[in-house]
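Report on the structure given below.
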């Protein structure tokens, strides 16, 4: 039996449209039987936080301030033409109107299709976060070396 195709996606952006791209590729690849590894680092961690809105989580004043300002899933900005935060809401409305999966639906599809979710240990340490701050689907908190081992013999995309 041939080895399963593999794709690993590093989501280091906290932008709404880039998260849509990452989860579109992840859910599509998982749907056609790829092994999918998603590695969330720095601002990409916003897409998988347990608390969806602004919250002052983390250890220490600066960590709480950064996490509050980053905003969480409900506050992901569009990378261009964000218009004070309204654009992601407008884009989601357009996606629904045209029967295109929304970001929330794409994340759910990736979960249902058994994509592997990993959080970056270094970024979490810097931002004062712990595994419990994220959705329960996070398989493991790991460093770059272990992520590279998991990604071996597959493609790696940076978004």
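The values are calculated or read from the model by the stated rules, or taken from the named source; none is laboratory data. Not measured: the values here are computed from a predicted model. Positions of Cβ are backbone-derived with ideal geometry, glycine not excepted, and every protein chain shown enters the neighbour counts.
A few remarks follow.
- Residues considered: 12, 83. Of these, the only one that is loosely packed, with under 14 Cβ neighbours inside 10 Å and either in contact with a helix residue (DSSP H, G or I) (Cβ under 7 Å, 6 or more places away or on another chain) or at positive phi (or both) is 83.
For (1) part of a helix (DSSP H, G or I); (2) over 20 Å from residue 31 (Cα atoms); (3) in contact with a helix residue (DSSP H, G or I) (Cβ under 9 Å, 6 or more places away or on another chain); (4) in contact (Cβ under 8 Å) with a residue 60 or more places away in the chain, each residue gets a yes or a no:
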residue	(1), (2), (3), (4)
90	yes, yes, yes, no
106	yes, no, yes, yes
118	no, no, yes, yes
124	yes, yes, yes, yes
132	yes, yes, no, yes
149	yes, yes, no, no
153	no, no, no, yes
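- Any hit, the range 50-63, residues being under 25 Å from residue 121 (Cβ atoms), touching a residue at least 24 places away in the same chain (Cβ under 8 Å), buried (at least 21 other Cβ atoms within 10 Å of the Cβ) and in contact with a strand residue (DSSP E or B) (Cβ under 7 Å, 6 or more places away or on another chain): no
- If only residues of the range 3-35 that are in contact with a strand residue (DSSP E or B) (Cβ under 6 Å, 6 or more places away or on another chain) and over 19 Å from residue 79 (Cβ atoms) are counted, the one that is modelled with the lowest pLDDT is 4.
- If only residues of the range 134-147 that are in a helix (DSSP H, G or I) and in contact (Cβ under 8 Å) with a residue 24 or more places away in the chain are counted, the one that is surrounded by the fewest Cβ atoms within 10 Å (Cβ to Cβ) is 144.
- Conditions (1) at positive phi; (2) part of a strand (DSSP E or B); number of the one not met by residue 99: (2)
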